[in-house]
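See structure below.
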Amino acid sequence: MNHDLTNGNVTKSLLYFAAPMILGNLLQQCYNIADTWVVGKFVGADALAAVGSSYALMTFLNSLLIGLCMGGGAVFSYYIGKGEREKVRACAQTAFVMIGVLAVSLSIAVQCLMHPILILLRTPKELYEMTRDYLLIVFCGILFIFLYNYFAFLLRALGNSVTPLYLLGAASVLNIGLDLFFVRNLGWGLQGAAAATVIAQAVSGLGLGICVWRKEPYFRFSLRGFLREEKPVREICQYSVMTGMQQSVMNFGILMVQSLVNSFGPAVMAAFAATVKIDTFAYMPAQEFGNAYSIFISQNYGAGKRERVKQGTRKAMTVSAAFCGVISVLVFALARFLMLIFVDGGETQIIEIGMQYLRIEGAFYIGIGILFLLYGYFRGVNRPGVSLLLTVISLGTRVVLAYALAAHPAIGVLGIWWAIPIGWALADATGIVLMRRGNNS
């Protein structure tokens with residue numbers, strides 16, 4: 001079902017469109033959360049640390065593809081708002097070829113460069129083999145991640161956020177079932193968890209591609225149409241590459257933080273592995289709401305409805321701030337319980353470290369909620385360079401402060417945790433100033 005975001009009640013349109021996206025991304029997190037839970041409960045703390053160390057690298061590479069697809073989706077939404085459907089088709093075909101080629105190349109590259117990557121991440125010797133075996137399997141799913149996100153952003157640009165949810169729901173249930181079967185019943189350990197993830201990704205990516213092929217015949221791929229159009233190539237390059245860079249910078253900073261975390265040993269690594277999953281799950285609705293808001297902005301900006309853009313921005317800020325405030329209270333209060341989901345009660349050191357993280361960083365989710373909206377706004381009004389700038393400010397601050405503070409024995413790992421909300425705050429302040437200047441110009 002396609003939904004027109006340029007008409008109707010602003011708040012209802014945003015929430016109605018965002019709800020399936022939020023639920024879908026929460027389900028997507030079940031891929032990694034299922035791995036973390038099953039591994040932590042049935043394999044052990046070292047295996048949990050290996051999965052956690054892998055997560056930052058996986059997120060970095062996946063985010064590059066997701067960012068490229070997201071940038072393409074913004075272009076699709078803009079032309080849909082303008083009513084230029086033929087340009088949407090040309091841009092969609094261009095994006096498929098360009099990002100698809102990159103996905104295949106990336107998959108081959110990481111398989112070949114696995115050893116130097118793990119050395120660069122300062123993976124402890126006792127975790128090296130487990131981490132390598134897990135990643136070699138998981139990265140076989142890179143192409144499926146591209147397929148799912150490409151078709152999901154195409155459908156969302158058309159106003160359909162429900163169909164991707166169905167496929168992701170089925171894949172998530174399958175992933176959890178296979179995780180338990182491969183790891184608990186067959187005893188395949190980390191390799192079983194990785195295989196379950198790749199199979200689930202294949203179901204969601206290929207399944208969504210088949211749905212688009214059947215339900216949207218207008219967007220079926222044509223190589224002839226791709227070669228004939230030159231302008232879409234420039235637009236997709238400019239927009240998708242910028243958004244892909246934003247996502248890559250964001251997660252490269254996280255990758256650098258993971259390297260710093262690894263230097264503190266397996267206990268901190270295991271705690272970080274669990275808390276990052278909790279963290280991501282907690283603020284994921286705000287992130288997907290920001291993505292839905294971006295599509296709303298793109299359609300209305302393309303349609304020339306500037307007042308609706310302003311009204312949507314005010315409403316989105318209110319909704320996101322309220323949600324993040326509630327989640328911060330819950331995470332702070334339930335920090336110990338949340339850690340026990342992933343870690344046995346006897347692992348007291350890991351639990352205490354994780355609780356510190358959640359009660360420092362989790363208290364400031366409103367900062368990341370606003371930042372997600374700022375990213376979405378600047379993508380939607382054809383200023384993706386500003387989103388990249390805000391990412392550099394946020395992650396640059398986080399990395400510099402984390403390394404500087406963690407070097408002091410009196411502060412240690414706490415410096416890594418405190419650097420996160422400080423980076424959010426500086427990026428938020430910059431983004432709000434730039435938004436107001438743009439609106440007044």
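The values are calculated or read from the model by the stated rules, or taken from the named source; none is laboratory data. This is a predicted model, so every value here is computed, not measured. Virtual Cβ from ideal backbone geometry, glycine too; neighbours counted across all protein chains shown.
Of all residues in segment 394-404, those satisfying the criterion of being out of contact with any Phe, Trp or Tyr (no Cβ under 7 Å at 6 or more places or on another chain) and surrounded by 19 or more Cβ atoms within 10 Å (Cβ to Cβ) are LEU395, THR397, ARG398, VAL399, ALA402. Residues in segment 115-141 that are of a type in the set (A, V, I, L, M, F, W, C), surrounded by fewer than 16 Cβ atoms within 10 Å (Cβ to Cβ) and free of Cβ contacts under 8 Å to residues at least 60 places away in the same chain: ILE119, LEU136. Being of a type in the set (Val, Ile, Thr), over 20 Å from VAL261 (Cα atoms), at pLDDT 90 or above and in contact with a helix residue (DSSP H, G or I) (Cβ under 6 Å, 6 or more places away or on another chain) is a property that VAL331 has.
Within segment 57-73, residues that are within 21 Å of ASN382 (Cβ to Cβ) and buried (at least 22 other Cβ atoms within 10 Å of the Cβ) sit with their Cβ atoms under 6 Å from residues that are aliphatic (A, V, I, L, M) and at pLDDT below 80, at 6+ positions apart or across chains, in these pairs: GLY72/ILE236.
In summary, ASN382 fulfils each of the numbered conditions (1) part of a helix (DSSP H, G or I); (2) within 22 Å of the chain's Cα centre (by Cα) with the single exception of condition (1). Tell me, yes or no, whether segment 78-101 has at least one residue that is free of Cβ contacts under 8 Å to residues at least 40 places away in the same chain and under 15 Å from PHE144 (Cα atoms). Checked segment 78-101: at least one residue is free of Cβ contacts under 8 Å to residues at least 40 places away in the same chain and under 15 Å from PHE144 (Cα atoms). Do we find that TYR16 is surrounded by 24 or more Cβ atoms within 10 Å (Cβ to Cβ), in a helix (DSSP H, G or I) and either over 20 Å from the mean Cα position of the chain (by Cα) or at positive phi (or both) in this structure? Against the criterion (surrounded by 24 or more Cβ atoms within 10 Å (Cβ to Cβ), in a helix (DSSP H, G or I) and either over 20 Å from the mean Cα position of the chain (by Cα) or at positive phi (or both)), TYR16 does not qualify. When segment 291-348 is filtered for residues that are in contact (Cβ under 8 Å) with a residue 60 or more places away in the chain, assigned to a helix (DSSP H, G or I) and under 18 Å from VAL276 (Cβ atoms), the ones remaining, listed by number, are LEU338, MET339, ILE341, PHE342.
Of all residues being within 21 Å of ALA419 (Cα to Cα), out of contact with any Lys or Arg (no Cβ under 9 Å at 6 or more places or on another chain) and among the small types (Gly, Ala, Ser) in segment 343-383, which is surrounded by the fewest Cβ atoms within 10 Å (Cβ to Cβ)? Just the residue, please. Checked segment 343-383; the qualifying residue surrounded by the fewest Cβ atoms within 10 Å (Cβ to Cβ) is ALA363.
Put simply, of VAL386, VAL413 the only residue that is closer than 22 Å to GLY265 by Cβ, crowded, with 18+ Cβ neighbours inside 10 Å and among the hydrophobic types (A, V, I, L, M, F, W, C) is VAL413. Across segment 96-107, a minimum of one residue is classified as surrounded by fewer than 23 Cβ atoms within 10 Å (Cβ to Cβ), among the polar types (S, T, N, Q) and modelled with pLDDT of 80 or more.
For segment 407-429, a residue qualifies if it is at negative phi and either of a type outside the set (A, V, I, L, M) or touching a His at 6+ places or on another chain (Cβ under 7 Å) (or both), and the qualifying residues are HIS408, PRO409, GLY415, TRP417, TRP418, PRO421, GLY423, TRP424, ASP428.
In segment 113-180, counting only helices (runs of 4 or more DSSP H) that sit wholly within it, the ones holding 2 or more residues that are within 17 Å of GLU288 (Cβ to Cβ) span 142-157, 163-179. For segment 181-196, filtering for residues that are surrounded by fewer than 24 Cβ atoms within 10 Å (Cβ to Cβ) and assigned to a helix (DSSP H, G or I) leaves 7.
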